[in-house]
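Asks: My questions will all concern the structure given below.
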There are 2 protein chains.
Amino acid sequence: MMKALVNKKTTEQASETEISVNHQKLIDATIETIAKRGLADTTIAHVAKRAKVSQGYANFRFKSKDNLLISSLQYLSDEYKKSWQKIFEEKNIDPIDRIIRIVQNDFSSKIANRNKISVWIAFYSEVKFRPSYLTICQRQDEIYSQQMEKLVSEINNITSQKEFTPKEVSETYHSMVDGLWQRILFDPKIYTNEFCKNLVLKYFRSIYVNEDRFA
Amino acid sequence: MMKALVNKKTTEQASETEISVNHQKLIDATIETIAKRGLADTTIAHVAKRAKVSQGYANFRFKSKDNLLISSLQYLSDEYKKSWQKIFEEKNIDPIDRIIRIVQNDFSSKIANRNKISVWIAFYSEVKFRPSYLTICQRQDEIYSQQMEKLVSEINNITSQKEFTPKEVSETYHSMVDGLWQRILFDPKIYTNEFCKNLVLKYFRSIYVNEDRFA
DNA sequence: TTTTGTATTGAATAATCATTCAATTTTTAT
DNA sequence: ATAAAAATTGAATGATTATTCAATACAAAA
């Protein structure tokens, strides 16, 4: 199995790509299945059917259902992380513009859509009982929070804002995002991505009173 | 079955109480089981054992597992509703004091503890796939939001605050609460009830700048 | 082409679990 | 106290589902 991944074709990495395709097909199918049926009703059979492989193969490929679920959460987590890492790494950008880009990303349709959110919440709901889920979610949160606090700190300096600490602003933002994602799932008619984004920007406006970019 | 509830003893309502005891014992056991093991690992057998009745009885009493779960969510929802309804109904209380009481309630140990929160999130995670869960959660949210907006509106008048609409403040508060509850589950060391409560009060302070009760 | 090793299948297995129901215990009425 | 009715039990049933694995398809090498 491991050998295959390494040795199959030494001239080109086509084989590795092929295997990765199956790997990724199964992860995609898992996320889609959870989004469509819920975690409770997600069986290997459903996932395998959606990925167009046999049930036995799905299990064989990931060793266990649990492993497949963990891999899917990890993928989701990485995908999200990449999207905000990119923004934090951009050079020559004003801190306020950067934080606005962060907000836009958190409520972009790629990130904050009902399918993705329902999968996140499905995993969140099991976090207390599956240490591996918690580890994946926590590690991500930590780096995000850290970078966010640093960014807020810069903005506080620029705007001479002293009433609210970077930690406070960052935590408030973070909890608002989590809460709003949840509400998008409940009532997408009211909680459109635009509505949520504007609500968060309005929060920033309440902190940075003289800054009119938080329209 | 229904007859029993009504006719068993006509002189006193002891029988009704007794049956209610079993009913309630099962609902309590369900909530405890979900809190301890997660919704995915909550079986009728576990619940029955915890409630000290037979497995067959638990099912018979609630007709189905689904029904037992719905009843438990309804109970949780009613319990929460009662706690904030009481505050909204209090007479002769200043709007700002009232909203502070609401915040205190939302982060009281009776409401915002890891067991209750893990049960809430378990149900939330299934909301997209079980219309009955959604109905229960939505009905509650609606009344809460309505009362909250009215209260914020009063505070806006008193403080002559015009920049932020009652809807905006209410929605921001609501999403912060949901987000912070989630974070209590993730990292209770950092997100103590006190920490969360103060974070929310600080948000209010950013809106109502001259009001020093939001310490 | 034949051989050899790998990838993939799908049917069988075994475990779990909601639900049912005949039998038993408990309660109520006479 | 006895009969009738209701409450409760717990073992049996049937459905679902993760996991296994012998058999097959496929690809590479000779």
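Asks: When only C-alpha pairs under 8 Å and at least 6 residues apart count, what is the relative contact order of chain A, in percent?
Replies: 18 percent
Asks: Further question on the same structure: In deg cm²/dmol and to the nearest 500, what is the mean residue ellipticity at 222 nm of chain B if only DSSP H runs of at least 4 residues count, each as -39500 (n - 2.57), divided by the residue total?
Replies: -24500 deg cm²/dmol
Asks: Between B:Glu126, B:Glu194, B:Glu89, find the one with the highest GNM mean-square fluctuation for chain B; connect C-alpha pairs within less than 10 Å.
Replies: Per the Cα network of chain B with a 10 Å cutoff, B:Glu89 tops the list.
Asks: Distance from the Cα centre of the stretch A:149-215 to that of the stretch A:71-140, in angstrom?
Replies: Going from one Cα centre to the other spans 16 Å.
Asks: Quantify how strongly other chains surround peptide B:198-205 by giving the mean number of their Cβ atoms within 10 Å of each of its Cβ atoms.
Replies: Mean partner-chain Cβ count within 10 Å for B:198-205: 4.
Asks: Right, another one. Taking every pair of alpha-carbon atoms in the protein assembly as shown, give the share separated by more than 41 Å as a whole percent.
Replies: Summing the P(r) of the protein assembly as shown above 41 Å gives 24 percent of all pairs.
Asks: With springs connecting C-alpha atoms under 10 Å apart, model chain A as a Gaussian network and identify which of A:Asp106, A:Asp41, A:Asp28 has the largest mean-square fluctuation.
Replies: So, out of A:Asp106, A:Asp41, A:Asp28, the one fluctuating most is A:Asp41.
Asks: For the stretch B:134-188, what does the alpha-carbon gyration tensor say about shape, rounded, prolate or oblate, given a ≥ b ≥ c as the root eigenvalues, a/c under 1.5 as rounded, and a/b over b/c as prolate?
Replies: The shape class here is oblate.
Asks: Quick one: putting +1 on the C-beta of Lys and Arg, -1 on the C-beta of Asp and Glu, what dipole do you get for chain B around its Cα centre, in Debye to the nearest 20?
Replies: 940 debye
Asks: Given Cα pairs under 8 Å that are at least 6 residues apart, what percent is the relative contact order of the stretch A:122-212?
Replies: Answer for the stretch A:122-212 is 20 percent.
Asks: Right, another one. Can you list the lysines whose alpha carbon is less than 21 Å from that of A:Lys110, not counting same-chain residues fewer than 8 positions off?
Replies: A:Lys25, A:Lys36, A:Lys81, A:Lys82, A:Lys86, A:Lys189, A:Lys197, B:Lys128
Asks: Moving on to the next point. B:Lys65: which aspartates and glutamates have alpha carbons under 17 Å from its alpha carbon, excluding same-chain residues fewer than 8 sequence positions away?
Replies: A:Asp41, B:Asp28, B:Glu32, B:Asp41, B:Glu126
Asks: Further question on the same structure: Setting aside same-chain residues fewer than 8 positions from A:Lys150, which aspartates and glutamates have a Cα under 17 Å from its Cα?
Replies: Within the straight-line cut-off, A:Lys150 pairs with A:Glu89, A:Glu90, A:Asp94, A:Asp97, A:Asp141, A:Glu142, A:Glu163, A:Glu168, A:Glu171.
Asks: Would you tell me the accessible area of B:Trp120, worked out with a 1.4 angstrom probe on the heavy atoms of the protein chains, in Å² to the nearest 10?
Replies: 20 Å²
Asks: Loop only per DSSP, at most 10 neighbouring Cβ atoms within 10 Å: give me the trypsin sites (Lys or Arg not before Pro) in the stretch B:119-215, ordered by residue number.
Replies: Taking the stretch B:119-215 and a limit of 10 other Cβ atoms within 10 Å, the loop trypsin sites (Lys or Arg not before Pro) found are B:Lys162, B:Lys189.
Asks: Who wins for biggest fluctuation among B:Asn22, B:Asn115, B:Asn92 in a Gaussian network model of chain B, springs between alpha carbons below 10 Å?
Replies: B:Asn92
The values are calculated or read from the model by the stated rules, or taken from the named source; none is laboratory data. Quick caveat: nothing in here was measured; it's all calculated off a predicted structure. Methodologically, a virtual Cβ is constructed for each residue, glycine included, from the backbone with ideal geometry; neighbour enumeration extends over all protein chains shown. Side chains are part of the model used for accessible areas, which takes the heavy atoms of the whole protein and leaves out ligands, DNA and RNA. Shrake-Rupley method; radii C 1.70, N 1.55, O 1.52, S 1.80 Å.
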